[in-house]
Structure formats: structure tokens, C-alpha cells
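The values are calculated or read from the model by the stated rules, or taken from the named source; none is laboratory data. None of these values were measured; they are calculated from a predicted model. Cβ coordinates were reconstructed from backbone atoms using ideal geometry, including for glycine residues, and neighbour counts include every protein chain displayed.
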Amino acid sequence: MNRNKKNVLKGLLFIAPNYIGFFIFTLVPMVTAIVISFTKWKMGDMEFIGLKNYLELLSSRSFYKSFLNTVLFVLGTVPVTIVLGLGIAYFVDRYAYGKSLIRTIMFLPYTANIVAICYVWMMLFQPTYGPVNQLILKFVKTAPGWLTSSEWALICIMALQVWMYAGYCMVIYLAALKQVPSDLMEAAAIDGASRYKQFVHIILPSLSPTTFFILITMLINSLKIFAPMNIMTDGGPGDSTSVLVFQSYITAFRYNDMGTASAISTILFLIILGITLYQWKGQNKWVNY
Amino acid sequence: MMEQNRKVKKIIVTVLSFLICAIVFFPIVYMISNSFKVELDIFKSPFHIIPEKFVNNYNSVWNGAYDFVRFYLNSLKVTAISVCGLVITSLLAAYGFSKIKYKGRDILFLVYMATLMIPTQLTMIPRFMIYKELGIYNTHWALILPGMTTAFGTFLLRQFMISIPYEMNEAAKIDGAGELRILFQILLPLLKPGIITLVLISIVWSWNDYENAMLFLTDKNLFTIPLGLISFMDETGKQYSLIMAAAVSAALPPMILFLFGQRYFVEGLAKGAVKG
């Protein structure tokens, strides 16, 4: 056997244990999901129906609602999380005492168990006796019903998401802030640039690779939100917290409609793919490596 | 004057930061506080952070009257096996993707990376079928096997591995060492930070994994902590004091790990980790 062939064999053997698992548990399911989305399949016979699932979804009110809720959820969480993370990181890095203690506390929610936290959330936002409303009722006469109200439930889950990830963003920004070239900052300070100008013209551009990474991570994290809905609200009240992953889940496992459920997943997959590609293409405009 | 100004600023920012920390920390404190309360005091108005009457709800959770101990052991088992497996498969794959040169390697790696961004929630249905087909549905293997073969592990360790110069391999080869020996005897000590990072992060993810457990486990005897908490809710008849004691018990291990391994977490997550 020549050297080249031997290397191929060796290489494949090394990656095999991990790659086979990846192949079976990630790659094949992904392709299969797309294939199923073109079929009518309710756990019995499978029938190829082309784009029909997609066309039906386009005119489905509940799909429209889940789609809208997902978009709202992304808009209500991603910018807030990133701005909070960056803002706190900037000020803490510059001025605060006890930096490492702040960092530790802020990051803790990221390690929290989602089920445990959902139960805590249900108690915190309990409409009549929960501490949040106890506080609000001290100042005003009526307080929102939070998870039991179709107007507030999604916002309440947004708060949970921001709570879990703001500290995570902050910690990553803190690490990145250390890499901002200090000679640039000093030169700007000598030239009399204001703090604000230094932030906009030096710090933000040097942080752009980190922002790029955090933006994609947070977008995907919010697009795939599912657990809080399944644990706390069951998509309700009404369909006010039904998001795409949740709808896909109940369509498959409650209504046994695998084709439609897979079409929903595939749409979400395309959205994520689109965002990722768009970001990669757009990043050379604003990311400075 | 300038100095003093700066000091005032620092104090203001510090106070504000700790205020934010207090808000962030509050749900965790509230959880711990309620775990020591009598059921009747939990929704008392006004609420007290320090319980008026301390009770040890942990005793009831852990004394074996409920299945919580079993859920805990299940989680320990699943997490331990998947993380050990993940470290080994990832080490091998990272080596195969960075230290052995062969045709097609980079294409294989690209496929890998392309899927790193795709959330597992999108493949629930096919995995459900595949697991049934493989006979691992409703067994711990449904969590362990996928857990020990994530692309994330390979990606992370490869990041650490490419910073080790290839000359190490060449020198070792001249001395007659095989690839496995190079990996486990020469590179392994240098990869320690990377491995610790991977171990810590994947313990937290595996321990907290709710979605996969929910999808693939139906037998209550097999439940891991996240599912266990939910069934505990029914078992105790929605007794929040007991649930909070169980929740604290469930949430504690990842938090403690984080407290000890902070810098590894930050490094690993900043290296381009995307939770799948």
C-alpha cells in the first residue's frame, strides 16, 4: 500500500467514531426531514405530494401566528440581549470594582436547568401572589397576568431568554474587550477624542468579530426556542406563545402529521441557513478581523 | 480632581452593576429561599427572602419516598458516559482532521461545520424514527450515543490542536512513534485546557438537556433530571416547596462546576461554540 492510500485509511479511521455518530444522528436526520416535508405521512402510508404541505402552510392561520410569534420573539430578545451584554461589559470593564464577582453572577443563568428555571418563573410571575406582581401592585392598581395572559405570556418568556443569555454575552464581550489595542485607545485619548467617539470608532470596530459571532448564536438560540413554551404555557393562552418549533412538535407528536411538521422544520432550517449565509456575506462590510 | 472624579464614577458604576447582578441573581436566590419554606409561606404576601420558618425540604426530596434519587442517578450515568465518550471520539476526530493529511479531508470537515449551526430541534421527527429503527428509543442510549458524537467536540479540540506545531508530529515519527501514541502520549498533555473546557461545557449541556430526554424517554424509570423535575411536580401534587428543593438539587452541579472552571467556560464558548 502506498503512503497516500495509507494516510486516507488512517485519517478515516481516526474520524470514524465521531463521524459515524454525526452521520446517523445529525446529517441523515437533516436530509430525511427535508424529504418527509414533501410527503403526506400520518404514521401510516407515505405519499409523495410535492410542495403541497408548504402551500397549505402558507394559507394556515396557525402557521402564520407561530411565524409571527417567532419573529416577535427574535426581535424582542436578540437586540436587548446584545445591547445589555455589551453595555454592561463595557462599563464593568472600565469602571467597576469586583469585576470577577460581577462576571460570575451574571454568567450563572447560562448554566441553569431550564425546567427548574421555568418553575421559578411560574412562581415569580404568579398573577396574584408572585413577588413580581406584589411589587407592581404596590404602585399601581392592576398588574398583568403574565403567563396566563395572551398579551404578556410571550413577553414573560422573552424576559426568561434575556435573563439566561445577557450574562453569557457580557462574559464573551468582556474577554473580547481585553483584545482592544490599548495603544489605539491611548492615541485617541491624547488627540482628545471623547469617550463616546472612542467607543464608536475604536471599540465597536475591534469588537465586530465578537458581535458577529454573538449575533448569529443569539439569533439561532431565539429561533429555536421551545422548552419554555412546552413546560409553562403549552403554546397558550390561545396560541399566543406558539412558535415554529413548538408548532412543528405538536403537529408531529400530537396530530401525527409528520409531513406538515417536517415542512415547518424545513422552513425554519431555510431561515437559519439564509441568515447564516447572509451574515457571512455581509460580514466583510462591518467585521474587521 | 480628575482622580477623584474617576473614583466617583467607579463607585457609581460598581453600585449600578451590583444592582443588575442582584436582579439577575434574584430568581436563583428566590429558588433557594423557597426550598427552605413551608408550603403555606411560599405565596405569602408580602413575601420574605429569608424564610420565616425554616424547614428542610431536602430531606423529603432525598429520603427515597419519591423517585428523585433515581432521576439523579440516571442523569449522572448518562452524563458520565456521554462526556467520556465525547472526549475520546472528539480527540480522535480532531486529530484526524488536523494532523493527518489526505484527500477529501477538508470536504468532510466542511460538511461537519455546516451543520454546527443547525439546531437539533429541527430533526426531531427523523431522529424519532431512526432511534426506533435502531432500537435505542426509550433507552439511555438515545441520549448517550448522539451526545458522545457531537460535531462541537471535534470542532473545539481541533481549534486547540491546530495551535500545536506539526513539527511535534514529525519529530515523534522520526523516533518511531505511531499516530495513536503521538496523540495520547505527546499531544494529550498539551491539550489539557481544551479537554477540560470540553468536559465542563458538555457536562452542563448534557445534565440540562431537556428536549432530547422529553422526546426519546417515556419510561419513568429512565427519566433524567429535567424530566424527573416535571414528573416530580405531579408526584408531589404541585407542592412548590418540595419542587424548589428538587430544583436546587438539580441546578447545583452545573453551577458549582462553573464556579470552579470559569475561565475554561469563557475560553471554550468564545472559541466559536454554538450550542446545538
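If you filter segment B:1-46 down to residues that are assigned to a loop (DSSP other than H, G, I, E, B) and among the aromatic types (Phe, Trp, Tyr), you find that the one that is surrounded by the fewest Cβ atoms within 10 Å (Cβ to Cβ) is B:Phe43.
Contact annotation: residue pairs with Cβ atoms under 6 Å, 6 or more positions apart or on different chains, pairing a residue in segment B:218-234 that is part of a loop (DSSP other than H, G, I, E, B) and surrounded by 15 or more Cβ atoms within 10 Å (Cβ to Cβ) with a partner that is at pLDDT 90 or above and of a type in the set (Phe, Trp, Tyr), are B:Phe223/B:Phe71.
Scanning segment B:153-178 for residues that are within 24 Å of B:Val83 (Cβ to Cβ) and surrounded by fewer than 20 Cβ atoms within 10 Å (Cβ to Cβ) yields B:Gln159, B:Ile162, B:Ser163, B:Ile164.
Residue by residue, here is whether (1) free of Cβ contacts under 8 Å to residues at least 40 places away in the same chain; (2) surrounded by fewer than 16 Cβ atoms within 10 Å (Cβ to Cβ); (3) basic (Lys, Arg) holds:
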residue: B:His48; (1), (2), (3): yes, yes, no
residue: B:Thr79; (1), (2), (3): no, no, no
residue: B:Gly96; (1), (2), (3): yes, no, no
residue: B:Met117; (1), (2), (3): no, no, no
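Scanning segment B:126-144 for any residue that is among the acidic types (Asp, Glu) and in a helix (DSSP H, G or I) turns up at least one such residue. Taken together, the residues in segment A:72-98 that are free of Cβ contacts under 8 Å to residues at least 60 places away in the same chain, under 19 Å from A:Val180 (Cα atoms) and either under 15 Å from the mean Cα position of the chain (by Cα) or part of a helix (DSSP H, G or I) (or both) amount to 5.
Inside segment A:120-169, residues that are more than 20 Å from the chain's Cα centre (by Cα) and touching a residue at least 40 places away in the same chain (Cβ under 8 Å) make up a count of 6.
Between A:Ile225, A:Ile203, A:Ile216, A:Ile275, the distinction of being more than 30 Å from A:Pro181 (Cα to Cα), out of contact with any His (no Cβ under 7 Å at 6 or more places or on another chain) and part of a helix (DSSP H, G or I) belongs to A:Ile275 only. Picking from residues in segment A:29-56 that are facing another protein chain (nearest Cβ under 7 Å) and not small (Gly, Ala, Ser), the one that is surrounded by the fewest Cβ atoms within 10 Å (Cβ to Cβ) is A:Thr32.
A count restricted to segment B:90-110 and to residues that are within 21 Å of B:Met168 (Cβ to Cβ), part of a loop (DSSP other than H, G, I, E, B) and within 8 Å of chain A (Cβ to nearest Cβ) stands at 3. All of A:Ser206, A:Ser222 fail the test of being closer than 26 Å to B:Gln121 by Cβ and not aliphatic (A, V, I, L, M), apart from A:Ser222.
Against the test of being more than 30 Å from B:Leu157 (Cα to Cα), of a type in the set (A, V, I, L, M), part of a helix (DSSP H, G or I) and more than 10 Å from chain A (Cβ to nearest Cβ), the options B:Val69, B:Val78, B:Val87 yield a single qualifying residue, B:Val69. Does B:Arg105 fit the bill of being modelled with pLDDT of 90 or more and surrounded by 18 or more Cβ atoms within 10 Å (Cβ to Cβ)? Against the criterion (modelled with pLDDT of 90 or more and surrounded by 18 or more Cβ atoms within 10 Å (Cβ to Cβ)), B:Arg105 does not qualify.
When B:Glu211 is tested against (1) surrounded by fewer than 21 Cβ atoms within 10 Å (Cβ to Cβ); (2) more than 16 Å from A:Ala112 (Cβ to Cβ); (3) of a type outside the set (Gly, Ala, Ser), only condition (2) is not met. When you scan segment A:178-185, do you find a residue that is out of contact with any helix residue (DSSP H, G or I) (no Cβ under 6 Å at 6 or more places or on another chain), facing chain B (nearest Cβ under 10 Å) and either part of a helix (DSSP H, G or I) or of a type outside the set (S, T, N, Q) (or both), even just one? No; the residues of segment A:178-185 include none that is out of contact with any helix residue (DSSP H, G or I) (no Cβ under 6 Å at 6 or more places or on another chain), facing chain B (nearest Cβ under 10 Å) and either part of a helix (DSSP H, G or I) or of a type outside the set (S, T, N, Q) (or both).
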